[in-house]
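A.B. asks: My questions will all concern the structure given below.
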Amino acid sequence: MIRKTTMSDKLLFGTGGTPHSSKSESTAHGIERIAELGLGCMEVEFVYGANMNQTMAQKVGATAKGLNVKLSAHGPYYINLNAHEEEKLIASKKRLLQTARIASTIGAQGIVFHPAFYLKDPPEDVYDRVKKELEDTIRAIREEDIQVTLRAETTGKGSQFGSLDEVLRLSAEVDGVAPCIDFAHLHARGGKANSYAEFKSILKQITDKLGSKALNDMHIHLSGIKYSGKGELSHLNLSESDMNYIDLFKAWKEFDIKGLVICESPSLEADALIMQKAYNSL
Ligand SMILES: [Zn+2]
């Protein structure tokens with residue numbers, strides 16, 4: 001199988017969605033603003049559905065290519081590969097396929113998605129189901145000759161499928177799946193995962209389960225985060241949060257990771273620039 005090699009040779013920083021200071025909310029203006037700010041990437045948000053038309057998608061792809069801004073896509077929230085009703089399951093898979101078509105046109109390297117909810121089912125059963133439905137979805141995507149990677153995200157709540165273990169196991173066992181490591185979510189799932197030693201342990205687990213090549217093709221989400229015993233409550237700006245991003249960046253440097261870092265703080269580009277500056281100054 002030929003895989004598009006669009007990997008970055010370093011770590012690029014950008015925003016989840018169009019920066020606030022863009023000329024308009026349009027994706028193309030967002031990409032232009034990313035380039036003006038000296039950031040390197042942007043995640044195009046299809047969280048309420050992948051409805052961009054073909055002409056627009058081609059324009060977005062050309063803009064990104066021309067300005068050398070790397071793109072990723074975030075799939076719809078309404079996806080549950082553990083849905084009990086057949087129609088909801090079919091709709092979830094269709095949403096992933098539709099996102100893959102547009103992601104491919106805009107030249108996005110990967111599609112981030114939240115795989116499933118447990119719905120009180122045993123996690124092991126949910127894993128098996130998600131794996132089977134994902135294999136099926138990827139088969140349909142590849143039948144259209146689309147080579148985009150599906151990035152299963154580590155989720156911020158215990159009720160949502162997407163622990164670090166589950167995401168790494170899916171990535172190891174399903175061809176075409178790779179992790180989206182949301183460090184804020186990992187921290188929110190119990191208040192841990194916020195020290196240098198814990199960050200190194202996460203990167204070590206990635207290496208152990210997916211090989212060191214995974215470190216050259218990372219997809220990361222980061223922001224400040226507000227959480228309770230049940231996990232994520234809301235995203236915060238870094239300065240308003242306890243997110244220990246300096247030690248996180250030290251761990252990234254030590255493991256020499258490459259790929260995309262998408263800032264999901266409410267302030268978007270302001271925090272993305274803070275992250276990029278802090279990382280580069282280490
Ligand atoms: Zn997400």
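The values are calculated or read from the model by the stated rules, or taken from the named source; none is laboratory data. From a predicted model like this one, the values you see are computed outputs, not experimental measurements. Note that each Cβ is placed from the backbone with ideal geometry, even for glycine, and that neighbours are counted across all protein chains shown. Please note that ligands, DNA and RNA were not included when accessible areas were found on the heavy atoms of the full protein model with its side chains. Shrake-Rupley method; radii C 1.70, N 1.55, O 1.52, S 1.80 Å.
A.B. asks: Of the cross-linked pairs K132/K258; K23/K65; K65/K94; K65/K250, which ones have a Cα-Cα span greater than 21 Å in the structure shown?
C.D. replies: K132/K258; K65/K94; K65/K250
A.B. asks: Let me ask something else. Share of antiparallel DSSP beta bridges in the chain, in percent to the nearest 5?
C.D. replies: Looking only at bridges with both residues in the chain, the antiparallel portion is about 20 percent.
A.B. asks: Ignoring ligands, DNA and RNA, what percent of the 1.4 Å accessible area of the chain is carbon and sulfur?
C.D. replies: Within the chain, the accessible surface is 51 percent carbon and sulfur.
A.B. asks: Size of the dipole of region 1-83 about the Cα centre, Lys and Arg at +1 and Asp and Glu at -1 on the beta carbon, nothing else charged, in debye to 20?
C.D. replies: 280
A.B. asks: Looking at P115, V69, L97, which one has the Cα that reaches farthest to the positive end of the dipole of region 68-123 (charges on Cβ: Lys, Arg +1; Asp, Glu -1)?
C.D. replies: Result: V69, furthest along the dipole toward the positive end.
A.B. asks: Roughly how many debye, to the nearest 20, is the charge dipole of region 199-282 about its Cα centre, given +1 on each Lys and Arg Cβ, -1 on each Asp and Glu Cβ, and no other charges?
C.D. replies: Rounded to the nearest 20 debye, it is 300 debye.
A.B. asks: What are the radius of gyration and Dmax of the chain, computed over its Cα atoms and given in Å?
C.D. replies: Computed over the Cα atoms of the chain, radius of gyration and Dmax are 17.6, 51 Å.
A.B. asks: Which value, in debye to the nearest 20, describes the size of the charge dipole of the chain about its Cα centre when Lys and Arg Cβ atoms bear +1, Asp and Glu Cβ atoms bear -1, and nothing else is charged? Numbers along the way, then the final one.
C.D. replies: Values: 34 positive and 37 negative charges, 93 e Å.
For the chain, the charge dipole is close to 440 debye.
A.B. asks: Within 14 Å, Cβ to Cβ, of P122, how many net charges do the neighbouring residues add up to if Lys/Arg are +1 and Asp/Glu are -1?
C.D. replies: -3
A.B. asks: Right, something else. Given F183, V148, N194, which one lies farthest toward the positive end of the charge dipole of region 105-220, if we put +1 on the Cβ of every Lys and Arg and -1 on the Cβ of every Asp and Glu?
C.D. replies: N194
A.B. asks: Roll a 1.4 Å probe over the protein heavy atoms and report the accessible area of H20 in Å², nearest 10.
C.D. replies: Answer for H20: close to 120 Å² accessible.
A.B. asks: Order R139, R189, most accessible first, counting only protein heavy atoms with a 1.4 angstrom probe.
C.D. replies: Ranked list, largest accessible area first: R139, R189.
A.B. asks: Still on this structure, I have one more. In the chain, if the dipole is taken from +1 on Lys/Arg beta carbons and -1 on Asp/Glu beta carbons about the Cα centre, which of N51, T27, G40 is farthest to the positive end?
C.D. replies: Checked the options; the winner is G40.
A.B. asks: Whole number in Å², please: accessible area per residue of region 1-153, 1.4 Å probe, ligands, DNA and RNA not counted.
C.D. replies: Here the per-residue accessible area is 49 Å².
A.B. asks: In whole Hz, what ³J(HN,Hα) sequence does region 16-22 give by Karplus (6.51, -1.76, 1.60; θ = phi - 60°), x for Gly and Pro?
C.D. replies: x, x, 4, x, 4, 8, 6
A.B. asks: Could you sort out which of K192/K230; K10/K226; K230/K253; K204/K226; K131/K192 sit more than 23 Å apart by Cα distance in this structure?
C.D. replies: Checking Cα-Cα distances, K10/K226; K230/K253; K204/K226; K131/K192 exceed 23 Å.
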